[in-house]
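The values are calculated or read from the model by the stated rules, or taken from the named source; none is laboratory data. The shown structure was predicted, so the numbers you read here are calculated from the model rather than taken from an experiment. Here the Cβ is made from the backbone with ideal geometry for all residues, glycine too, and neighbour counts use every protein chain on show.
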């Protein structure tokens, strides 16, 4: 819960804004790093979750690498000070410009998602007289049991190389002298809360690692992706169970001596450290619906409109003991999908009250837009 001091400070700031609890972020990072070190696992931060400079600084200082899915994310990681030897570049549609710039920076690895991409990286690396380290992203056809829009590991998805194309992939690797194969990569989806899913992934990783080894390839890196979810229903001081998460891979991956296991975690690290703070502009009470209209909208937080995602909503200007009313909590954008929650039970709300939308540290600020000529996002921090 926010303290009275926090709420008083929020009342002095222009809304809407993202508030970041840097203390919770640090505790989350410490829990992740300590749990990973038990198994000598390597963790890269998935920058697409949030690339706020202050957060990136703390994540870099914790010793994590950077998982990037665009050339600008690679640039940002380098600007912030991430070790180049801990930067990986994934993504199904890397442009020639992005590949060239990443080759110049001598990043750790390209996670390659098609046979044609292997050819392109080889050609571009040859022109620069460089050798590029590559890992093959494989589509393992493992159901992540998450929202359809954030599932990435099924045959129907655009990501990765399908199993039936692996023989052609292996042939291409042998024909590309500028490429150094270092391992295999997987990512089956996001907001995964059922750890049993990762057991199925481990089985597939073991099978594909052996497939490459049987054909003479040294698999130095097993990159199992990320996707670990958070509890949006109970955000208060909640840190994911990294110990249980990493133990699954320790127990079920057939890790060879001198083989590295890499992870790409984003939401699990930053998701709970932020709330979107907004002010009530108007309250519209009707016969069928009561509406709270906020000064924040889908331009500030896209997830509910895009994924029908749940975020806990609180009226932090009122005491919990006050009478409660059901409201549809909506924004000011000229779209019917601009809604944060329907039939949300809140203390009776008035114009000017402050509303906190919780668990917005991942895919909140980074997905904000200027639609309707909205202003740039603002944010505040606390330790």
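Some notes on this structure:
- Unique residue being touching a strand residue (DSSP E or B) at 6+ places or on another chain (Cβ under 6 Å) and more than 21 Å from residue 12 (Cα to Cα) when the list is 335, 343: 343
- Count of segment 73-106 residues which are free of Cβ contacts under 8 Å to residues at least 12 places away in the same chain and either crowded, with 19+ Cβ neighbours inside 10 Å or in a helix (DSSP H, G or I) (or both): 1
- Scanning segment 273-291 for residues that are buried (at least 21 other Cβ atoms within 10 Å of the Cβ) and either over 22 Å from the mean Cα position of the chain (by Cα) or closer than 29 Å to residue 137 by Cα (or both) yields a total of 2.
- Restricting attention to segment 322-362, the residues being assigned to a loop (DSSP other than H, G, I, E, B) and touching a residue at least 12 places away in the same chain (Cβ under 8 Å) number 20.
- Hey, residue 300 in the same structural domain as residue 283 (by TED's automatic domain parsing), part of a loop (DSSP other than H, G, I, E, B), under 20 Å from residue 48 (Cα atoms) and in contact with a strand residue (DSSP E or B) (Cβ under 9 Å, 6 or more places away or on another chain) or not: yes
- When the test is whether a residue is in contact with a strand residue (DSSP E or B) (Cβ under 9 Å, 6 or more places away or on another chain) and in contact (Cβ under 8 Å) with a residue 40 or more places away in the chain, residue 109 passes it.
- Extreme residue, surrounded by the most Cβ atoms within 10 Å (Cβ to Cβ), among residues of segment 35-63 that are without any contact (Cβ under 8 Å) to a residue 40 or more places away in the chain and in contact with a helix residue (DSSP H, G or I) (Cβ under 8 Å, 6 or more places away or on another chain): 56
- Positions within segment 18-34 being more than 18 Å from residue 67 (Cα to Cα) and surrounded by fewer than 20 Cβ atoms within 10 Å (Cβ to Cβ), in sequence order: 22, 23, 26, 27, 30, 31, 34
- Among the residues listed as 237, 207, the single one being in the same structural domain as residue 139 (by TED's automatic domain parsing) and without any contact (Cβ under 8 Å) to a residue 24 or more places away in the chain: 207
- Every test in (1) part of a loop (DSSP other than H, G, I, E, B); (2) modelled with pLDDT of 95 or more is passed by residue 116 save one, and that test is (1).
- Among the candidates 275, 317, residue that is part of a strand (DSSP E or B) and at pLDDT 95 or above: 275
- Residue in segment 183-193 that is surrounded by fewer than 18 Cβ atoms within 10 Å (Cβ to Cβ) and modelled with pLDDT under 95 present: yes
- Filtering segment 292-307 to residues that are more than 17 Å from the chain's Cα centre (by Cα) and surrounded by fewer than 23 Cβ atoms within 10 Å (Cβ to Cβ) leaves 293, 295, 305.
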